[in-house]
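Enquirer: Supplied in structure tokens, the structure appears directly below.
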Amino acid sequence: MRTINHWINGQIVPTSAERSGAVYDPATGQQTAQVAYATGEDVDAAVRAAQAAFPAWRDTSVVKRARVMFRFLDLLQRNRDELARIIASEHGKVVPDAAGEIQRGMEVVEVATGIPHLLKGDFSENVSTEVHGKVVPDAAGEIQRGMEVVEVATGIPHLLKGDFSENVSTEVDCYSIRQPVGVAAGITPFNFPIMVPMWMHPIAIACGNAFVLKPSERDPSVSLRVAELYKEAGLPDGIFNVVHGDKVAVDAVLDHPGIAAVSFVGSTPIARYIYERGTSHGKRVQALGGAKNHAIVMPDADMDSAADALVSAAYGSTGQRCMAISTAVAVGKAGDALIDKVMERADRLRTGPGLDPSSDMGPLVTGAARDKVAGLVETGVNEGAKLVLDGRGVRVEGHDDGFYVGPTLFDEVRTHMEIYKQEIFGPVLIVLRVADIDEAIGMINDNPYGNGTAIFTANGAAARKFQNEVTVGMIGVNIPIPVPMAFYSFGGWKDSLFGDLHVHGPEGVAFYTRGKVVTTRWPVPRDSAVELGFPTSR
Ligand code: NAD
């Protein structure tokens, strides 16, 4: 006779089955198994296992916890028939009924995949336990960040949940709903060919919209693979579409009367153009532009940690990240130590092909990008900045025609210089020196860009003043690339964003939906009369 044992600490625990009960197949009336009845010790063992496991699970990031729910949901789906048969063979209910029960249970798991939403107060603890950009190779990291938006999209029921107020007036109720806008479009840059589109389409589609993606013409292939995966996942044809092209395709998107909303990410001049042309046609537009991200390094900062962070954030992805730290602002005596430590680390970086596992930094995207970066380095030298490390001469053996520029470092940069004013978008870190934190914050606030910024300090008061006063959308404290998790929204201020709403998270949901407020009266009143006064609550 089969014995059904306990499951404690991740495994079946054999019991002596001294105390057990019979399990029958109600359809045949035959006993099919015996089930072990737990003793006090068995229960205690289970509780102790749970107590021991709890602290680590509590400290596991909320995203990883949700991810387990997501995989669990997938497995429930795949094994639904078998589960239904197990239920039917012991309970006796018919298999479709059992399947219905499983379905309702899965709906709760679906809600649990959105646990980041449910736990979100004004502060989310343990959004990550890793330091971004260090743990995984760059391209894999990009895919990971895109997947996090998909995970948020699996929790869309929470985000679309409206409000209901009973008796706003006598027998009058009021509720709000959010409905999809229709067809939304995304126009995206080359530097994150999978992640930036995924800031948009999972949320748009989960909100109920159809989506047209115009990816960068410089690295378009991955978008087609994404389209195949959507199809494999069961997305109906036509909900996700990819159109490749340049300005002609973009203009067609902006002018098309069938497109209700346009999300754009790219350089500032194009972002401004997209916003103006799209909104002139009555579309809602969110257009994220370029950046010049500053990091303040206070004299009290841990200089090794700050230098590690700056080198990672300045040279990761060859500086072609909208959240790259391209500008370090050294306060007081921080400058000399910082330059030495950054120099030491940057000099060790290996520039080479992206597919070579020994490369730390790959090439720039095109020959034109390389020439632009090299030209700006020359401009910086001519303007009088001190070139501490020059990456222009880097040679990659066997790849003489690659678009390489090595890590480059400038000291003594001033705000009137072109290398300060322009977004270089290459592996060039510039260092400016200032007397105090007020001067540093003033510099950041005078800069037309306002995407991301960071402070490195051991002083909580300085960090608090900084996050309170800077006119920038995304702030890092001892974190160099403060890209918000997908259940928060991503976006800058000033010339880094045209439009009102940031991407993904709650603002992404707001962007891809329209609100509706419904007021109802039941029952219909018998004693109604014409009343021209403005309706008020009674
Ligand atoms: P880009 O502005 O050249 O191109 C972006 C998109 O616009 C592409 O799809 C391109 O085909 C289209 N486009 C280009 N020129 C156009 C024109 N004249 N008319 C209409 N459409 C046009 O940007 P890029 O070089 O691909 O990407 C790098 C830029 O993107 C950097 O400035 C970077 O800071 C910015 N970026 C910003 C963010 C952010 O979140 N703010 C994120 C990633 C990249």
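The values are calculated or read from the model by the stated rules, or taken from the named source; none is laboratory data. Since this is a predicted model, take the numbers as computed values, not measurements. Cβ atoms come from the backbone with ideal geometry, glycine included; neighbour counts cover every protein chain shown. The area values use the complete protein model at the heavy-atom level, side chains included, leaving out ligands, DNA and RNA. Shrake-Rupley method; radii C 1.70, N 1.55, O 1.52, S 1.80 Å.
Enquirer: Scan segment 465-506 for residues that are more than 11 Å from the ligand (Cβ to nearest atom), within 18 Å of Met198 (Cα to Cα) and at pLDDT 95 or above and report the count.
Expert: Adding up the residues that qualify gives 1.
Enquirer: If you don't mind, another one. Inspect segment 465-481 for any residue being over 17 Å from Ile441 (Cβ atoms) and either open to solvent by less than 40 Å² (accessible area, probe 1.4 Å) or free of Cβ contacts under 8 Å to residues at least 60 places away in the same chain (or both) and give the result as yes or no.
Expert: yes
Enquirer: Further question on the same structure: Quick check on segment 210-221: of everything there that is away from the ligand (no atom under 11 Å from the Cβ) and surrounded by 16 or more Cβ atoms within 10 Å (Cβ to Cβ), which residue is farthest from Pro236 (Cα to Cα)?
Expert: Only one residue tops the list, namely Val212.
Enquirer: So for segment 337-345 (the condition being within 27 Å of the chain's Cα centre (by Cα) and either open to solvent by less than 20 Å² (accessible area, probe 1.4 Å) or of a type in the set (A, V, I, L, M) (or both)), does at least one residue qualify?
Expert: no
Enquirer: Still on this structure, please answer the following. Going by what's in this entry, would Gly282 be described as surrounded by fewer than 24 Cβ atoms within 10 Å (Cβ to Cβ) and within 16 Å of the ligand (Cβ to nearest atom)?
Expert: Spelling it out, it is not the case that Gly282 is surrounded by fewer than 24 Cβ atoms within 10 Å (Cβ to Cβ) and within 16 Å of the ligand (Cβ to nearest atom).
Enquirer: Filter segment 222-267 down to residues that are outside any loop (DSSP other than H, G, I, E, B), open to solvent by 60 Å² or more (accessible area, probe 1.4 Å) and away from the ligand (no atom under 16 Å from the Cβ), then give me how many there are.
Expert: 5
Enquirer: Restricting the search to segment 158-193, which residues are part of a strand (DSSP E or B) and closer than 21 Å to Val226 by Cβ?
Expert: Pro180, Val183, Ala184, Ala185, Gly186, Ile187
Enquirer: Right, another one. Can we say Gly332 is open to solvent by 20 Å² or more (accessible area, probe 1.4 Å) and either more than 16 Å from the ligand (Cβ to nearest atom) or under 30 Å from Gly182 (Cα atoms) (or both)?
Expert: Here the answer is yes, as Gly332 does meet what is asked.
Enquirer: Taking into account only those residues within segment 12-25 that are open to solvent by less than 70 Å² (accessible area, probe 1.4 Å) and not in a strand (DSSP E or B), which is modelled with the highest pLDDT?
Expert: The residue in question is Thr15.
Enquirer: Could you check segment 393-488 for strands (runs of 3 or more DSSP E) lying wholly inside it with 2 or more residues that are more than 11 Å from Thr327 (Cα to Cα)?
Expert: 452-456, 474-477
Enquirer: I've got another one for you. Taking Val196 as the residue in question, decide whether it is within 16 Å of the ligand (Cβ to nearest atom), assigned to a strand (DSSP E or B) and modelled with pLDDT of 90 or more. Quick ask: steps written out before the conclusion?
Expert: On the way: within 16 Å of the ligand (Cβ to nearest atom): yes; assigned to a strand (DSSP E or B): no; modelled with pLDDT of 90 or more: yes.
Answer is no for this residue.
Enquirer: What pairs come out if I take residues in segment 177-200 that are under 11 Å from Glu142 (Cβ atoms) and pair them with residues that are open to solvent by 30 Å² or more (accessible area, probe 1.4 Å) and among the acidic types (Asp, Glu) whose C-beta lies under 8 Å away, six or more apart or interchain?
Expert: Hits for this filter: Pro193/Asp219.
Enquirer: How about segment 360-378: which of its residues are in a helix (DSSP H, G or I), surrounded by fewer than 19 Cβ atoms within 10 Å (Cβ to Cβ) and charged (D, E, K, R)?
Expert: Of everything in segment 360-378, those that are in a helix (DSSP H, G or I), surrounded by fewer than 19 Cβ atoms within 10 Å (Cβ to Cβ) and charged (D, E, K, R) turn out to be Asp371, Lys372, Glu378.
Enquirer: Then there's this: Given Val63, Val68, which one is in contact (Cβ under 8 Å) with a residue 60 or more places away in the chain, in a helix (DSSP H, G or I) and within 28 Å of the chain's Cα centre (by Cα)?
Expert: Values: Val68 fails: in contact (Cβ under 8 Å) with a residue 60 or more places away in the chain.
Matching residue, one of Val63, Val68: Val63.
Conditions (1) part of a loop (DSSP other than H, G, I, E, B); (2) in contact with an Asp or Glu (Cβ under 8 Å, 6 or more places away or on another chain); (3) open to solvent by 60 Å² or more (accessible area, probe 1.4 Å), marked per residue:
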| residue | (1), (2), (3) |
| --- | --- |
| Gly508 | no, no, no |
| Arg514 | no, no, yes |
| Thr519 | no, yes, yes |
| Pro523 | yes, yes, yes |
| Glu531 | yes, no, yes |
| Pro535 | yes, no, yes |
| Arg538 | yes, no, yes |
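Enquirer: Ala324 - would you say it is within 16 Å of the ligand (Cβ to nearest atom) and either within 21 Å of Ile430 (Cβ to Cβ) or within 28 Å of the chain's Cα centre (by Cα) (or both)? Quick ask: steps written out before the conclusion?
Expert: Numbers: within 16 Å of the ligand (Cβ to nearest atom): yes; either within 21 Å of Ile430 (Cβ to Cβ) or within 28 Å of the chain's Cα centre (by Cα) (or both): yes.
Taking the combined requirement at face value, the residue satisfies it.
Enquirer: Ile444: open to solvent by less than 40 Å² (accessible area, probe 1.4 Å), touching a helix residue (DSSP H, G or I) at 6+ places or on another chain (Cβ under 7 Å), β-branched (Val, Ile, Thr) and within 27 Å of Asp495 (Cα to Cα), yes or no?
Expert: no
Enquirer: Follow-up. Ala306 passes all but one of (1) surrounded by 24 or more Cβ atoms within 10 Å (Cβ to Cβ); (2) under 23 Å from Tyr404 (Cβ atoms); which number fails?
Expert: Against the list (1) surrounded by 24 or more Cβ atoms within 10 Å (Cβ to Cβ); (2) under 23 Å from Tyr404 (Cβ atoms), Ala306 comes up short only on (2).
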